[in-house]
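Data block below; observations after.
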Amino acid sequence: MATDSANRNETGDLSGKRVAIVGKLAGMTRREVFTALREAGAHPSEKLDDRVDVVVFGEDDLTGIGDQAISPDLQEKAASGDLQFISETTLWQWLGLIEPHQKLHRLYTPAMLSDLLGVPQQIIRRWHRRGLIVPARQVRSLPYFDYREVSTAKQLAAMLASGLSPDRIERQLSAISEYLPDVQRPLVQLSVMVEGRDILLRQGEGLVEPGGQMRFDFDREDDFTDTFSIVDPSEELPETANQWESRAADYEDDEQLDEAIRCMRSALSIGGPSADRSFRLAELLYRAGHLDGAIERYHTAIELEPDMIEARANLGCVLAETGRLVEAVSALRQAIEVYDDYCDAHYHLARTLDELGREREATTHWEKCLELNPDSPWADEAYARLHPEAD
(Lines give C-alpha, C1' and ligand atoms only; values in the text may rest on other atoms or scores of the structure.)
Protein backbone atom coordinates (compact mmCIF):
# COMPACT_ATOMS: atom_id res chain seq x y z
CA MET A 1 0.00 0.00 0.00
CA ALA A 2 3.00 2.28 0.40
CA THR A 3 3.56 2.25 -3.35
CA ASP A 4 3.96 5.75 -4.74
CA SER A 5 0.94 6.66 -6.88
CA ALA A 6 2.24 10.11 -7.75
CA ASN A 7 1.68 9.51 -11.46
CA ARG A 8 -1.99 10.31 -10.91
CA ASN A 9 -1.05 13.87 -10.09
CA GLU A 10 1.76 14.68 -12.46
CA THR A 11 1.66 18.41 -11.72
CA GLY A 12 2.01 17.90 -7.98
CA ASP A 13 -0.71 20.48 -7.25
CA LEU A 14 -1.60 20.25 -3.57
CA SER A 15 -3.86 23.30 -3.46
CA GLY A 16 -7.10 22.55 -1.61
CA LYS A 17 -6.11 18.94 -0.85
CA ARG A 18 -6.18 17.39 2.62
CA VAL A 19 -2.82 15.75 3.30
CA ALA A 20 -1.99 13.23 6.04
CA ILE A 21 1.49 12.11 7.12
CA VAL A 22 2.08 8.46 8.07
CA GLY A 23 5.31 7.52 9.82
CA LYS A 24 8.33 9.64 10.72
CA LEU A 25 9.65 12.11 8.17
CA ALA A 26 13.37 12.16 7.45
CA GLY A 27 13.58 15.65 5.97
CA MET A 28 11.41 17.84 8.20
CA THR A 29 9.68 17.93 11.52
CA ARG A 30 5.91 17.51 11.44
CA ARG A 31 5.45 21.17 12.34
CA GLU A 32 7.70 22.28 9.48
CA VAL A 33 5.96 20.13 6.88
CA PHE A 34 2.54 21.32 8.04
CA THR A 35 3.72 24.91 7.58
CA ALA A 36 5.03 24.09 4.09
CA LEU A 37 1.75 22.39 3.18
CA ARG A 38 -0.29 25.40 4.29
CA GLU A 39 1.95 27.69 2.22
CA ALA A 40 1.18 25.45 -0.78
CA GLY A 41 -2.56 25.86 -0.16
CA ALA A 42 -3.03 22.35 1.23
CA HIS A 43 -4.79 21.34 4.45
CA PRO A 44 -2.59 19.22 6.77
CA SER A 45 -4.49 16.52 8.60
CA GLU A 46 -3.53 14.91 11.91
CA LYS A 47 -5.97 12.07 11.24
CA LEU A 48 -5.98 9.41 8.55
CA ASP A 49 -9.72 9.51 7.85
CA ASP A 50 -11.99 9.32 4.80
CA ARG A 51 -11.61 13.07 4.11
CA VAL A 52 -7.91 12.73 3.23
CA ASP A 53 -6.88 13.24 -0.42
CA VAL A 54 -3.13 12.50 -0.17
CA VAL A 55 -1.21 10.19 2.19
CA VAL A 56 2.53 10.77 2.58
CA PHE A 57 4.68 7.91 3.89
CA GLY A 58 7.70 9.06 5.90
CA GLU A 59 10.85 7.43 4.54
CA ASP A 60 12.31 6.75 7.99
CA ASP A 61 9.46 4.41 8.90
CA LEU A 62 8.49 2.85 5.57
CA THR A 63 9.54 -0.65 6.59
CA GLY A 64 7.21 -0.57 9.56
CA ILE A 65 4.09 0.45 7.65
CA GLY A 66 1.81 -2.16 6.15
CA ASP A 67 -1.64 -2.38 4.66
CA GLN A 68 -3.09 -2.66 8.16
CA ALA A 69 -2.47 1.07 8.62
CA ILE A 70 -4.93 1.84 5.84
CA SER A 71 -8.60 1.16 6.43
CA PRO A 72 -10.69 -0.73 3.84
CA ASP A 73 -12.63 2.49 3.12
CA LEU A 74 -9.40 4.33 2.30
CA GLN A 75 -8.18 1.44 0.17
CA GLU A 76 -11.41 1.61 -1.80
CA LYS A 77 -11.02 5.38 -2.17
CA ALA A 78 -7.48 4.86 -3.47
CA ALA A 79 -8.67 2.24 -5.96
CA SER A 80 -11.16 4.73 -7.38
CA GLY A 81 -8.40 7.32 -7.85
CA ASP A 82 -9.69 9.72 -5.21
CA LEU A 83 -6.81 9.07 -2.81
CA GLN A 84 -3.10 9.20 -3.58
CA PHE A 85 -0.19 7.57 -1.77
CA ILE A 86 3.17 9.29 -2.23
CA SER A 87 6.64 9.01 -0.73
CA GLU A 88 8.30 11.72 1.31
CA THR A 89 10.67 12.45 -1.56
CA THR A 90 7.75 13.02 -3.93
CA LEU A 91 6.22 15.42 -1.42
CA TRP A 92 9.42 17.49 -1.38
CA GLN A 93 9.33 17.58 -5.18
CA TRP A 94 5.70 18.70 -5.20
CA LEU A 95 6.48 21.40 -2.64
CA GLY A 96 9.38 22.62 -4.80
CA LEU A 97 12.00 21.99 -2.12
CA ILE A 98 14.36 19.89 -4.24
CA GLU A 99 13.62 21.09 -7.76
CA PRO A 100 16.65 22.83 -9.30
CA HIS A 101 14.68 25.89 -10.40
CA GLN A 102 13.19 26.50 -6.96
CA LYS A 103 14.61 28.54 -4.11
CA LEU A 104 17.51 27.01 -2.21
CA HIS A 105 15.65 25.97 0.91
CA ARG A 106 17.38 23.73 3.43
CA LEU A 107 20.75 23.93 1.70
CA TYR A 108 23.93 25.13 3.36
CA THR A 109 26.55 27.61 2.15
CA PRO A 110 30.19 27.35 3.29
CA ALA A 111 29.55 30.05 5.89
CA MET A 112 26.56 28.14 7.29
CA LEU A 113 28.57 24.91 7.45
CA SER A 114 31.38 26.78 9.18
CA ASP A 115 29.05 28.04 11.89
CA LEU A 116 27.22 24.73 12.18
CA LEU A 117 30.36 22.62 12.59
CA GLY A 118 32.68 25.11 14.26
CA VAL A 119 35.19 24.66 11.42
CA PRO A 120 36.92 27.62 9.71
CA GLN A 121 35.49 28.56 6.32
CA GLN A 122 38.83 27.99 4.63
CA ILE A 123 38.67 24.34 5.72
CA ILE A 124 35.14 24.03 4.31
CA ARG A 125 36.35 25.51 1.02
CA ARG A 126 39.35 23.19 1.05
CA TRP A 127 37.05 20.16 1.44
CA HIS A 128 34.99 21.48 -1.47
CA ARG A 129 38.08 22.10 -3.59
CA ARG A 130 39.41 18.60 -2.89
CA GLY A 131 36.06 16.96 -3.66
CA LEU A 132 35.47 15.69 -0.11
CA ILE A 133 32.12 17.47 -0.08
CA VAL A 134 30.18 18.02 -3.29
CA PRO A 135 27.58 20.80 -3.69
CA ALA A 136 24.03 19.97 -4.65
CA ARG A 137 23.78 23.31 -6.41
CA GLN A 138 26.18 26.07 -7.36
CA VAL A 139 24.95 29.60 -7.99
CA ARG A 140 27.76 31.16 -9.96
CA SER A 141 30.78 30.71 -7.67
CA LEU A 142 28.78 29.95 -4.52
CA PRO A 143 28.27 26.27 -3.57
CA TYR A 144 25.23 24.99 -1.68
CA PHE A 145 25.38 21.65 0.17
CA ASP A 146 22.45 19.39 0.99
CA TYR A 147 21.90 17.33 4.15
CA ARG A 148 23.83 14.35 2.77
CA GLU A 149 26.96 16.48 2.32
CA VAL A 150 26.36 18.07 5.72
CA SER A 151 26.58 14.54 7.14
CA THR A 152 29.89 13.98 5.35
CA ALA A 153 31.18 17.34 6.58
CA LYS A 154 30.24 16.33 10.14
CA GLN A 155 32.38 13.20 9.76
CA LEU A 156 35.31 15.31 8.59
CA ALA A 157 34.80 17.78 11.43
CA ALA A 158 34.80 14.90 13.93
CA MET A 159 38.10 13.70 12.48
CA LEU A 160 39.56 17.18 12.94
CA ALA A 161 38.29 17.22 16.52
CA SER A 162 39.98 13.86 17.15
CA GLY A 163 43.34 15.46 16.39
CA LEU A 164 43.84 14.54 12.72
CA SER A 165 45.16 17.36 10.54
CA PRO A 166 43.37 18.24 7.27
CA ASP A 167 46.41 16.98 5.35
CA ARG A 168 46.47 13.63 7.14
CA ILE A 169 42.73 13.12 6.61
CA GLU A 170 43.10 13.73 2.88
CA ARG A 171 46.17 11.50 2.56
CA GLN A 172 44.48 8.59 4.30
CA LEU A 173 41.24 8.91 2.36
CA SER A 174 43.26 9.05 -0.86
CA ALA A 175 45.15 5.94 0.26
CA ILE A 176 41.87 4.09 0.73
CA SER A 177 40.85 5.07 -2.80
CA GLU A 178 44.19 3.77 -4.09
CA TYR A 179 43.61 0.41 -2.43
CA LEU A 180 39.99 0.34 -3.66
CA PRO A 181 40.01 2.03 -7.10
CA ASP A 182 36.23 1.88 -7.44
CA VAL A 183 35.83 3.96 -4.29
CA GLN A 184 36.13 7.67 -5.06
CA ARG A 185 34.51 8.98 -1.86
CA PRO A 186 35.28 6.65 1.05
CA LEU A 187 33.26 8.64 3.59
CA VAL A 188 30.15 8.29 1.42
CA GLN A 189 30.67 4.80 0.02
CA LEU A 190 32.26 2.97 2.95
CA SER A 191 31.96 2.63 6.70
CA VAL A 192 35.06 4.12 8.29
CA MET A 193 36.24 4.89 11.79
CA VAL A 194 39.09 6.80 13.41
CA GLU A 195 41.44 4.94 15.73
CA GLY A 196 44.32 6.97 17.07
CA ARG A 197 45.77 8.82 14.10
CA ASP A 198 44.38 6.40 11.49
CA ILE A 199 41.20 6.17 9.44
CA LEU A 200 40.20 2.52 9.21
CA LEU A 201 37.63 0.59 7.21
CA ARG A 202 34.88 -1.03 9.24
CA GLN A 203 33.22 -4.29 8.18
CA GLY A 204 30.78 -6.03 10.47
CA GLU A 205 32.12 -5.98 14.02
CA GLY A 206 35.75 -5.64 13.04
CA LEU A 207 38.25 -4.01 10.72
CA VAL A 208 38.48 -6.50 7.91
CA GLU A 209 40.22 -6.83 4.56
CA PRO A 210 40.19 -9.77 2.14
CA GLY A 211 42.31 -12.47 3.77
CA GLY A 212 41.48 -11.58 7.37
CA GLN A 213 41.60 -8.75 9.83
CA MET A 214 44.22 -6.10 9.17
CA ARG A 215 44.83 -2.37 9.31
CA PHE A 216 46.19 -0.11 6.59
CA ASP A 217 49.66 1.04 7.63
CA PHE A 218 49.11 4.72 6.92
CA ASP A 219 52.17 5.67 8.98
CA ARG A 220 54.46 4.40 6.23
CA GLU A 221 55.01 7.78 4.63
CA ASP A 222 57.34 6.28 2.02
CA ASP A 223 54.38 4.42 0.49
CA PHE A 224 52.78 7.69 -0.52
CA THR A 225 55.58 10.15 -1.24
CA ASP A 226 54.99 9.96 -4.98
CA THR A 227 51.32 10.82 -4.55
CA PHE A 228 51.40 13.18 -1.55
CA SER A 229 54.31 15.53 -2.05
CA ILE A 230 54.77 18.73 -0.09
CA VAL A 231 56.29 21.87 -1.52
CA ASP A 232 60.03 21.47 -1.87
CA PRO A 233 62.00 24.75 -2.22
CA SER A 234 64.44 22.96 -4.51
CA GLU A 235 61.73 22.22 -7.06
CA GLU A 236 61.64 24.18 -10.28
CA LEU A 237 59.52 27.31 -10.14
CA PRO A 238 56.07 27.11 -11.73
CA GLU A 239 55.83 28.48 -15.24
CA THR A 240 52.09 28.98 -15.76
CA ALA A 241 49.41 30.87 -13.84
CA ASN A 242 47.66 27.60 -13.01
CA GLN A 243 50.87 26.15 -11.60
CA TRP A 244 51.40 29.21 -9.42
CA GLU A 245 47.80 28.97 -8.23
CA SER A 246 48.29 25.31 -7.37
CA ARG A 247 51.45 26.18 -5.45
CA ALA A 248 49.49 28.85 -3.58
CA ALA A 249 46.92 26.24 -2.57
CA ASP A 250 49.69 23.99 -1.21
CA TYR A 251 51.10 26.82 0.89
CA GLU A 252 47.60 27.78 2.06
CA ASP A 253 46.91 24.23 3.16
CA ASP A 254 50.17 24.34 5.13
CA GLU A 255 49.09 27.67 6.73
CA GLN A 256 52.00 29.50 5.07
CA LEU A 257 49.81 32.43 4.12
CA ASP A 258 52.51 34.92 3.13
CA GLU A 259 53.96 32.40 0.67
CA ALA A 260 50.46 31.62 -0.63
CA ILE A 261 49.84 35.34 -1.19
CA ARG A 262 53.14 35.66 -3.07
CA CYS A 263 52.25 32.73 -5.33
CA MET A 264 48.76 34.04 -6.01
CA ARG A 265 50.18 37.42 -6.98
CA SER A 266 52.49 35.60 -9.41
CA ALA A 267 49.49 33.75 -10.86
CA LEU A 268 47.73 37.08 -11.47
CA SER A 269 50.89 38.63 -12.90
CA ILE A 270 51.31 35.81 -15.44
CA GLY A 271 47.66 35.03 -16.13
CA GLY A 272 46.34 38.57 -16.21
CA PRO A 273 43.17 39.90 -14.55
CA SER A 274 40.97 37.19 -13.10
CA ALA A 275 37.95 37.53 -10.83
CA ASP A 276 38.43 34.09 -9.29
CA ARG A 277 42.12 34.63 -8.53
CA SER A 278 41.48 38.12 -7.20
CA PHE A 279 38.84 36.64 -4.90
CA ARG A 280 41.21 33.93 -3.66
CA LEU A 281 43.92 36.54 -3.06
CA ALA A 282 41.42 38.64 -1.11
CA GLU A 283 40.60 35.62 1.05
CA LEU A 284 44.29 34.98 1.72
CA LEU A 285 44.93 38.63 2.57
CA TYR A 286 41.99 38.61 4.97
CA ARG A 287 43.22 35.47 6.72
CA ALA A 288 46.69 37.02 7.02
CA GLY A 289 45.19 40.11 8.67
CA HIS A 290 45.74 42.48 5.73
CA LEU A 291 42.17 43.81 5.76
CA ASP A 292 42.71 46.90 3.57
CA GLY A 293 44.42 44.74 0.95
CA ALA A 294 41.56 42.25 1.10
CA ILE A 295 39.02 45.02 0.57
CA GLU A 296 40.84 46.23 -2.53
CA ARG A 297 41.05 42.73 -3.99
CA TYR A 298 37.36 42.07 -3.34
CA HIS A 299 36.64 45.29 -5.24
CA THR A 300 38.85 44.07 -8.10
CA ALA A 301 37.00 40.72 -8.27
CA ILE A 302 33.65 42.54 -8.38
CA GLU A 303 34.85 44.90 -11.12
CA LEU A 304 35.88 41.90 -13.21
CA GLU A 305 32.76 39.85 -12.41
CA PRO A 306 29.90 42.02 -11.07
CA ASP A 307 27.75 38.95 -10.35
CA MET A 308 30.29 37.34 -7.99
CA ILE A 309 27.93 37.14 -5.02
CA GLU A 310 30.37 35.83 -2.43
CA ALA A 311 32.89 38.58 -3.23
CA ARG A 312 30.23 41.25 -2.63
CA ALA A 313 29.07 39.62 0.59
CA ASN A 314 32.59 39.07 1.92
CA LEU A 315 33.46 42.65 1.05
CA GLY A 316 30.51 43.77 3.14
CA CYS A 317 31.63 41.61 6.07
CA VAL A 318 35.19 42.96 6.02
CA LEU A 319 33.95 46.55 5.71
CA ALA A 320 31.74 45.96 8.74
CA GLU A 321 34.67 44.44 10.63
CA THR A 322 36.74 47.57 9.98
CA GLY A 323 33.93 49.84 11.18
CA ARG A 324 32.85 51.06 7.74
CA LEU A 325 29.24 50.11 8.40
CA VAL A 326 27.50 52.30 5.81
CA GLU A 327 29.77 50.97 3.06
CA ALA A 328 29.13 47.45 4.36
CA VAL A 329 25.37 47.93 4.04
CA SER A 330 25.82 49.06 0.44
CA ALA A 331 27.98 46.03 -0.46
CA LEU A 332 25.60 43.56 1.17
CA ARG A 333 22.56 45.13 -0.51
CA GLN A 334 24.32 44.79 -3.86
CA ALA A 335 24.96 41.09 -3.15
CA ILE A 336 21.25 40.64 -2.51
CA GLU A 337 20.40 42.52 -5.71
CA VAL A 338 22.47 39.96 -7.60
CA TYR A 339 20.81 37.03 -5.83
CA ASP A 340 17.98 37.64 -3.39
CA ASP A 341 18.02 34.10 -1.98
CA TYR A 342 21.53 34.42 -0.51
CA CYS A 343 20.83 33.77 3.17
CA ASP A 344 24.35 34.74 4.30
CA ALA A 345 24.01 38.25 2.87
CA HIS A 346 20.62 38.80 4.52
CA TYR A 347 22.04 37.66 7.85
CA HIS A 348 25.08 39.95 7.77
CA LEU A 349 23.02 42.86 6.46
CA ALA A 350 20.51 42.42 9.29
CA ARG A 351 23.30 42.43 11.88
CA THR A 352 24.95 45.51 10.34
CA LEU A 353 21.66 47.43 10.19
CA ASP A 354 21.01 46.55 13.83
CA GLU A 355 24.46 47.86 14.72
CA LEU A 356 23.60 51.11 12.94
CA GLY A 357 20.38 51.36 14.95
CA ARG A 358 18.22 50.73 11.89
CA GLU A 359 16.23 47.90 13.49
CA ARG A 360 13.15 48.45 11.34
CA GLU A 361 15.13 47.83 8.15
CA ALA A 362 16.94 44.91 9.76
CA THR A 363 13.65 43.14 10.51
CA THR A 364 13.01 42.48 6.81
CA HIS A 365 16.33 40.71 6.46
CA TRP A 366 16.00 38.70 9.69
CA GLU A 367 12.65 37.48 8.34
CA LYS A 368 14.17 36.66 4.97
CA CYS A 369 16.99 34.78 6.66
CA LEU A 370 14.48 32.57 8.47
CA GLU A 371 12.39 32.09 5.35
CA LEU A 372 15.34 30.98 3.24
CA ASN A 373 16.76 28.52 5.73
CA PRO A 374 14.89 27.91 8.99
CA ASP A 375 17.55 25.36 10.00
CA SER A 376 20.58 27.59 9.44
CA PRO A 377 23.04 28.10 12.31
CA TRP A 378 21.74 31.69 12.48
CA ALA A 379 18.04 30.84 12.78
CA ASP A 380 17.98 31.09 16.58
CA GLU A 381 19.59 34.52 16.49
CA ALA A 382 17.15 35.69 13.81
CA TYR A 383 14.18 34.42 15.82
CA ALA A 384 15.47 36.12 18.99
CA ARG A 385 15.87 39.44 17.15
CA LEU A 386 12.34 39.18 15.75
CA HIS A 387 10.78 38.05 19.04
CA PRO A 388 12.67 39.73 21.87
CA GLU A 389 9.71 39.20 24.19
CA ALA A 390 10.39 35.45 24.07
CA ASP A 391 13.71 35.82 25.89
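Observations, loosely collected:
- Listed conditions (1) open to solvent by less than 60 Å² (accessible area, probe 1.4 Å); (2) modelled with pLDDT under 75; (3) assigned to a helix (DSSP H, G or I) are all met by Leu97, apart from (3).
- Taking region 304-332 as the range and being open to solvent by 30 Å² or more (accessible area, probe 1.4 Å) and of a type in the set (A, V, I, L, M, F, W, C) as the test, the residues that pass are Leu304, Cys317, Val326.
- Residue-level check: of (1) open to solvent by less than 80 Å² (accessible area, probe 1.4 Å); (2) modelled with pLDDT under 85; (3) over 29 Å from His348 (Cα atoms), Gln102 misses just (3).
- Annotation for region 287-303: at least one member residue is within 30 Å of Asp250 (Cβ to Cβ), charged (D, E, K, R) and open to solvent by less than 70 Å² (accessible area, probe 1.4 Å).
- Taken together, the residues in region 262-278 that are closer than 24 Å to Leu319 by Cα and surrounded by 23 or more Cβ atoms within 10 Å (Cβ to Cβ) amount to 3.
- Which listed residue, of Glu170, Glu195, Glu209, is modelled with pLDDT of 65 or more and either of a type in the set (D, E, K, R) or under 30 Å from Glu305 (Cα atoms) (or both): Glu170
- When each of Ile270, Ile336, Ile295 is tested for being at pLDDT below 90 and farther than 30 Å from Arg168 by Cβ, the lone residue that passes is Ile270.
- Candidates are the residues of region 1-39 that are of a type in the set (Gly, Ala, Ser), open to solvent by 40 Å² or more (accessible area, probe 1.4 Å) and at pLDDT 85 or above; the one that is farthest from the chain's Cα centre (by Cα) is Gly16.
- Taken over region 111-148, the criterion of being part of a helix (DSSP H, G or I) and open to solvent by less than 40 Å² (accessible area, probe 1.4 Å) is satisfied by Ala111, Met112, Leu113, Ser114, Leu117, Ile123, Ile124, Arg126, Trp127.
The values are calculated or read from the model by the stated rules, or taken from the named source; none is laboratory data. Not measured: the values here are computed from a predicted model. Note that each Cβ is placed from the backbone with ideal geometry, even for glycine, and that neighbours are counted across all protein chains shown. The accessibility values were calculated without ligands, DNA or RNA, using every heavy atom of the protein model including side chains. Shrake-Rupley method; radii C 1.70, N 1.55, O 1.52, S 1.80 Å.
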